[in-house]
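FYI, it's all coordinate maths here, none of it is from the lab. Computed from a predicted structure; not experimentally measured. For neighbour counting, all protein chains shown are included, and Cβ atoms are generated from backbone atoms with ideal geometry for every residue, glycine included.
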Amino acid sequence: MSTSSGLFISFEGIEGAGKSTQISRLARSLEARGHRVLATHEPGGGMPAGKSIRGLLKDPAIWRELGMAEIYLYAADRAHHLESVILPALDRGEIVLCDRFLDSTRAYQGAGRGRCVDVIEALHALEPLTIRPKRTLLFDVEAHVGLARARSRGSSDGAGYDDEDLSFFERVREGFLQIAAAEPERVRIIDADASPETVAQRTLEALDDLLI
Ligand code: TMP
């Protein structure tokens, strides 16, 4: 499947790493340079069913009972997101900024929960899940820093992972760092324990070779 003329960039990191702030800033600065930008997110970026699927995945009473099916539900959400939002935007030649993608499933369900990574990889070898971002920016903060930031701002749409213990976030962070080590060309680590201005500058630098 072709990703045509657009540019697909994903943003990853644990809770409290500051992804959302940086995605908004980056979208503004790319638009100011004349690019057409679509900012979207997972889970739940697909239209029309994303919001409903997100509700299931963010509800602890539900996801705690899902077992392996949690991986399949993230994959279904992603397939719907790709077909309804991401691929059409790439076909229109837009820059797609996606807050979380496949690496979140690898890091949270794989490294964090210890679910079978082979299933994750097998699902993502099937259409339309074969699409990969051209670049992934990993916003890295220590788990205790991210968790403290996330707790201080509260969760916007449910309990999510806020009640998981610190060791869970340490495993997730380590999972992200291992993905980055395995794919250094695609995944760039950004030290996000700095002011928003500094992190925004690092973000632009990490995309420099892709933006003309
Ligand atoms: P957020 O919208 O606040 O980033 O929350 C999304 C939550 O969903 C976050 O805790 C990470 C989790 N998540 C997974 O566990 N696996 C995934 O594949 C994705 C996309 C998100």
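Read phi for every residue in the stretch 45-62 and hand back ³J(HN,Hα) as whole Hz from Karplus 6.51 cos²θ - 1.76 cosθ + 1.60, θ = phi - 60°, with x for Gly and Pro.
Using θ = phi - 60°, the values come out as x, x, 10, x, 8, x, 4, 5, 5, 4, x, 5, 6, 9, 8, x, 4, 8 Hz.
Place +1 on the Cβ of every Lys and Arg and -1 on the Cβ of every Asp and Glu in the chain, take the dipole about the Cα centre, and give the residue among 130, 32, 189 whose Cα lies farthest towards its positive end.
Farthest towards the positive pole: 32.
Under the rule a/c < 1.5 gives rounded, and otherwise a/b versus b/c splits prolate from oblate, where does the stretch 73-123 land using the Cα gyration tensor? Write out the running numbers ahead of the final one.
Values: a/c = 3.18, a/b = 2.23, b/c = 1.42.
Cα axes put the stretch 73-123 in the prolate bin.
Determine the equivalent ellipsoid of the chain by diagonalising the alpha-carbon gyration tensor, then write out the semi-axes as square roots of 5 times the eigenvalues, largest first, rounded to whole Å. Display every interim value, and only then the final one.
Values: eigenvalues 119, 92, 52 Å².
Three semi-axes, in Å: 24, 21, 16.
For the stretch 1-73, which trypsin sites (Lys or Arg not before Pro) pass both filters: DSSP loop (anything but H, G, I, E, B) and at most 11 other C-beta atoms within 10 Å? Mind showing how you got there, number by number?
On the way: sites: 19, 25, 28, 33, 36, 51, 54, 58, 64; in loops: 33, 36.
Those satisfying the criteria are 33.
Taking 8 Å as the Cα distance limit and 6 or more residues as the minimum spacing, I'd like the relative contact order of the stretch 1-79 as a percentage. List each step's numbers first, then the result.
Working: 40 pairs, mean separation 15.3, N = 79.
Across the stretch 1-79, relative contact order equals 19 percent.
Need one word for the stretch 90-212: rounded, prolate or oblate. Basis is the Cα gyration tensor (sqrt eigenvalues a ≥ b ≥ c); a/c below 1.5 gives rounded, then a/b vs b/c decides.
oblate
Any idea what diffusion coefficient the stretch 172-212 gets from Stokes-Einstein, in µm²/s, Kirkwood Rh on alpha carbon pairs, 4 °C, 1.567 mPa s? Kindly include the intermediate steps, with their values, before the conclusion.
On the way: Rh = 11.3 Å.
Answer from the Stokes-Einstein relation: 115 µm²/s.
Given H placed 1.01 Å from N in the peptide plane, which residues other than close sequence neighbours of residue 95 have an amide H under 5 Å from its amide H?
7, 36, 37, 38
Relative contact order, percent, of the chain when contacts are C-alpha pairs under 8 Å separated by at least 6 residues? Before the final figure, lay out each step's value.
Values: 335 pairs, mean separation 68.9, N = 212.
Rounded, it is 32 percent for the chain.
Does the stretch 1-80 come out rounded, prolate or oblate by the C-alpha gyration tensor, with a ≥ b ≥ c the root eigenvalues, rounded set by a/c under 1.5 and, if not, prolate when a/b is larger than b/c and oblate if not? Let's see the in-between values first.
Numbers: a/c = 2.61, a/b = 1.71, b/c = 1.53.
It is prolate, given that a/c is not under 1.5 and a/b is the larger ratio.
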